[in-house]
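Here the structure comes first, spelled out in structure tokens, and everything after it is commentary.
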Amino acid sequence: MKKLARILLVVSLLVCIVDLFTLTNQNYSIEPLWQKMGEFIGIGSLILFVLCAIYLFTSWLISLSKKRRELKNSKLESQPKMDTKPKKIKEKKNWQPVNIILGLIIIGGVLYFSHAAHPFIVIIRLVPAVILILTRRNNIFTAIALGVFGLTIFILPSFDAFLFFVAAVYMFCSVLLRMFKVKWHLVIGLAVAVVFGLIGFNALVLEKMQTFVSESNLVIVRELDGRSSIALSASGNEENIATEFNPRKPIYPIERGLQKSVDYACRIVNETGEVAIPLDKWPVFKLKGNKDFVQSGVFNDTDPLALRTGDYTIQLVRLTKQQGIITAESDFSVIPYDEQALSEFVAYITESSHPGEKYYDSYTLDNTGGNDNFNISVWVQTPKGKPAIFGTMKFFKTNYDGVIEKTPWDREQGFKTSSNGEPVSTINFSGRIPPGIYHYQFSVEDDILADLKLIIQ
């Protein structure tokens, strides 16, 4: 067994290293499917390496302890026997099938529900599952470790965080029952955890997770009740209520006069009555506690919820099983930026080896020698005292003939300038990258404000 563990230790380490260098090699692009498979191979190799290392280290400690006991016994045998009292034999700790099964379920849950997370986050969330599998005798320290990871459910509600919480309850109950000499402490602890899971799932997960309704499954009716109201704010509070907003500028709805513990959502229609943002994209919310209003999210700042210039109406919708009842409405407009403000927008490139230099059109970098020490930064800026500009930055590559080439670094993200006149960093770039022309294109709707070029030779 030790020989097999040593072989797996070396093989898993080599696979992990090769996988890491392959995924981080920027000289060629990797298809998303192979990228995902490579990430899972790397994670699996790393887990296997950790398990083998723990097993070999534990075996070494056991072997070392055994040698010390044998040496001590040999010394005692060479001395006159003074005590004939039988020695207490230490109970052998066996693997716990319940812990192994729970650990594997948690690993499956983490890999399934964390598919969009960074691989490093996935590895971190696998740690308590591995600890649970390796725990032969339930103890309070493992319960605390599982509980700490389970508490993340209050920050980022997810099903795998809920599994950590259930496993912590099982571990704590089994330890407590073992202290009172209960024979079936594992089974009873697991039963308590399952009951806790069935009771607490709704309170800890379903109530905290954002849920959505399908507009196609509801009959939308308009029954303005005069009691409910909805207003729009530029900052998330009632001090900045407005009816006009620029493109990509975040808009925060504030609702009043809601019925307690009743589900609501919002939808937005344009001036012709067509749905611009349906109920499907709006998380359900309700009035709770002693509050008299709800701030139900934000829209217009990201692609799925961004609106083009025009006139709109936001509708507050009370949800029932069969109907969506429009109880309040508010008109607003998305208006273009002032032409003067757009003309004063600037974007530029800086490079770490040329401090203080700003490149407003293009910057050429000779990377033929594989120089990895450069650091490219891209900045946006508007004059002090002028309104901030919200827009979209596209990062893409073309060859020297202007033909667009797909790369793993392609992205589209929002940007925002500062009203105090300070430059704002939007993206950094460094490392060994293939030759070509890399574009940083800044736009507001269809207006391209700047198209910076990083030329790699």
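Derivation of every value follows stated rules applied to the coordinates shown; laboratory data play no part. Here the structure is a predicted model, which means the values were calculated and not measured. Neighbour counts are summed over all protein chains in view; Cβ atoms, including those assigned to glycine, are modelled from backbone coordinates with ideal geometry.
The table for this structure:
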quantity: q = 0.12, 0.19, 0.21 Å⁻¹, the range 397-457: log10 I(q)/I(0) [Debye, one scatterer per Cα]; calculated: -0.36, -0.85, -0.99
quantity: Out-of-range pairs (alpha-carbon distance over 26 Å; input K358/K397; K406/K453; K2/K183); calculated: K2/K183
quantity: Estimated FRET transfer efficiency (T313, Q457; beta-carbon r; R0 51 Å; 0.05); calculated: 0.45
quantity: Calculated log₁₀ intensity ratio I(q)/I(0) where the Debye formula runs over C-alpha points of the range 339-456, q = 0.11 Å⁻¹; calculated: -0.37
quantity: The range 264-286 versus the range 306-344: alpha-carbon centroid distance in Å; calculated: 9 Å
quantity: Amide H contacts of N246 (H built 1.01 Å from N, under 5 Å, at least 5 apart or other chain); calculated: I335
quantity: Mean shadow area of the range 217-334, taken as a quarter of the surface of its Cα convex hull (nm²); calculated: 7.0 nm²
quantity: Linear extension gain, K288 paired with L14, 0.36 nm per residue minus alpha-carbon span; calculated: 93.2 nm
quantity: Protection proxy ranking of 390-399, 265-274 - average other beta-carbon atoms within 10 Å, highest first; calculated: 390-399, 265-274
quantity: Dipole magnitude of the range 339-456 about its Cα centre (Cβ charges: Lys, Arg +1; Asp, Glu -1), debye to nearest 20; calculated: 300 debye
quantity: Full-extension gain in nm, W95 to F141, via 0.36 nm per residue minus C-alpha separation; calculated: 14.8 nm
quantity: Karplus-derived 3J(HN,Hα), 6.51/-1.76/1.60, for each residue of the range 320-337, Hz, glycine and proline x; calculated: 10, 5, 10, 10, x, 9, 6, 9, 7, 9, 8, 8, 8, 9, 9, 10, x, 5
quantity: Whole-angstrom Cα spans of the range 267-320 along principal axes, big to small; calculated: 37, 24, 18
quantity: Relative contact order (%) - the range 339-456, alpha-carbon pairs under 8 angstrom, separation at least six; calculated: 31 percent
quantity: HN-Hα J in Hz across the range 435-450 - Karplus 6.51, -1.76, 1.60, θ = phi - 60°, x for Gly and Pro; calculated: x, x, 10, 9, 9, 10, 9, 9, 8, 10, 6, 9, 8, 7, 7, 7
quantity: In nm, spacing of pseudo-spin labels at V194 and S235 (7 Å Cα→C-beta vector); calculated: 5.4 nm
